[in-house]
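Just below is one structure, and these are the notes that go with it.
The values are calculated or read from the model by the stated rules, or taken from the named source; none is laboratory data. Keep in mind that this is a model prediction, so the values were computed, not measured. Here Cβ is always computed from backbone atoms with ideal geometry, including for glycine, and neighbour counts include all displayed protein chains.
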Amino acid sequence: MSRSNLRLAVLSLVAALAVSTLTVARGQVTSGADCSPSENAEALGWGTPAWCAEFDDYLDENEWVVYDSEGHAGNGRRSPDQLFLGNGALYLYGRADGTTAGLAARHVQTYGRWETRIRLYPGAGSYHPVALLWPQEGGGNVRSSTGEEVDFLEVINDPERQRPNFFLHTPQGQEQAHAEVDMTDWHTYAVENTSEGVVGYLDGREWFRSRNAAHSPMSACLQLDWFPGEGEQGEAWMEVDWLRVYPLES
């Protein structure tokens with residue numbers, strides 16, 4: 001099967017899932033049901049998570065800020081109706097017209113570790129799947145008030161979802177790393193932020209390191225951002241199995 005036909009087949013499958021087994025994640029997503037460390041976190045000695053989301057039941061508005069606003073840089077719109085729950089996962093769906101989704105955890109900490117397990121589907125290159133840290137409760141804007149942002153997964157104009165990127169934004173400037181990974185399979189993406197710097201992990205292995213860091217209380221955000229005019233247009237899906245947040249002290 002050609003990659004273009006595979007992409008259509010995958011999108012059709014996910015669309016069928018959305019209709020048959022997923023429910024719109026309105027109102028509420030539970031957190032803290034099973035705050036056990038992942039295998040990678042255990043190997044790194046990160047200890048027990050301070051907070052986690054398993055996406056097995058519902059989104060709790062006391063735990064999450066669900067975006068209901070204009071999209072990234074004013075493009076399109078972020079709507080709660082584009083978040084779905086099913087099969088033990090959270091799905092973010094971006095429509096061809098730029099109606100998409102995003103949300104931010106209310107749990108904040110300045111230093112620590114954040115880890116998530118994500119699977120992407122071939123889709124429009126104009127959509128950027130992103131897992132990031134943003135100063136307290138939401139990464140909806142283009143720039144943060146402190147100049148700090150940690151994108152520990154961002155995919156840019158990559159319809160086949162094969163090239164993950166790591167971006168660190170601080171007042172000292174921007175730093176980045178890239179890898180070659182088939183993101184249509186499950187992978188874990190993690191970041192450690194300390195007073196001495198930032199380290200990024202892909203499936204438990206280091207792929208980014210900097211002596212610069214974020215020094216503000218940070219919130220984990222999951223976003224499917226629309227960049228019209230950059231890459232092919234169309235639909236996109238992002239599937240999140242879980243999110244875990246670890247304190248710095250293990």
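Listing for the model above:
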quantity: Only listed residue being over 27 Å from residue 49 (Cα atoms), among the charged types (D, E, K, R), under 17 Å from the mean Cα position of the chain (by Cα) and not in a loop (DSSP other than H, G, I, E, B), chosen from 225, 182; calculated: 225
quantity: Condition check for residue 244: among the basic types (Lys, Arg) and within 18 Å of the chain's Cα centre (by Cα); calculated: yes
quantity: Single residue of 189, 127, 91, 121 found to be closer than 22 Å to residue 212 by Cα and in contact with a strand residue (DSSP E or B) (Cβ under 6 Å, 6 or more places away or on another chain); calculated: 189
quantity: Of all residues making up segment 37-64, the number that are surrounded by 19 or more Cβ atoms within 10 Å (Cβ to Cβ) and either free of Cβ contacts under 8 Å to residues at least 24 places away in the same chain or aliphatic (A, V, I, L, M) (or both); calculated: 4
quantity: Residue 61 being acidic (Asp, Glu) and in contact with a strand residue (DSSP E or B) (Cβ under 6 Å, 6 or more places away or on another chain); calculated: no
quantity: Check on residue 124, out of contact with any Phe, Trp or Tyr (no Cβ under 9 Å at 6 or more places or on another chain), closer than 19 Å to residue 227 by Cβ and of a type in the set (Gly, Ala, Ser); calculated: no
quantity: Within segment 115-143, considering residues that are of a type in the set (S, T, N, Q) and in contact (Cβ under 8 Å) with a residue 60 or more places away in the chain, the one nearest to residue 232 (Cα to Cα); calculated: 126
quantity: Residues that are out of contact with any His (no Cβ under 8 Å at 6 or more places or on another chain) and within 15 Å of residue 122 (Cα to Cα), drawn from segment 216-239; calculated: 231, 232, 233, 234, 235, 236, 237, 238, 239
quantity: Meets criteria (touching a strand residue (DSSP E or B) at 6+ places or on another chain (Cβ under 6 Å), touching a residue at least 12 places away in the same chain (Cβ under 8 Å), of a type in the set (Ser, Thr, Tyr) and within 26 Å of residue 180 (Cβ to Cβ)) for residue 246; calculated: no
quantity: Residue that is modelled with the lowest pLDDT [pool: residues in segment 139-173 that are farther than 21 Å from residue 75 by Cα and in contact with a Ser or Thr (Cβ under 7 Å, 6 or more places away or on another chain)]; calculated: 146
quantity: Residue list for segment 166-218, restricted to those being touching a helix residue (DSSP H, G or I) at 6+ places or on another chain (Cβ under 8 Å), under 21 Å from residue 41 (Cα atoms) and surrounded by fewer than 20 Cβ atoms within 10 Å (Cβ to Cβ); calculated: 203, 204
quantity: Residues that are buried (at least 16 other Cβ atoms within 10 Å of the Cβ), assigned to a helix (DSSP H, G or I) and among the hydrophobic types (A, V, I, L, M, F, W, C), drawn from segment 65-99; calculated: none
quantity: Test result for residue 103, surrounded by fewer than 24 Cβ atoms within 10 Å (Cβ to Cβ), assigned to a strand (DSSP E or B) and either touching a helix residue (DSSP H, G or I) at 6+ places or on another chain (Cβ under 9 Å) or not charged (D, E, K, R) (or both); calculated: no
quantity: Sole residue being more than 15 Å from the chain's Cα centre (by Cα) and closer than 26 Å to residue 56 by Cα, chosen from 162, 172, 109; calculated: 109
quantity: Among (1) assigned to a strand (DSSP E or B); (2) under 21 Å from residue 106 (Cα atoms), the one test that residue 209 misses; calculated: (2)
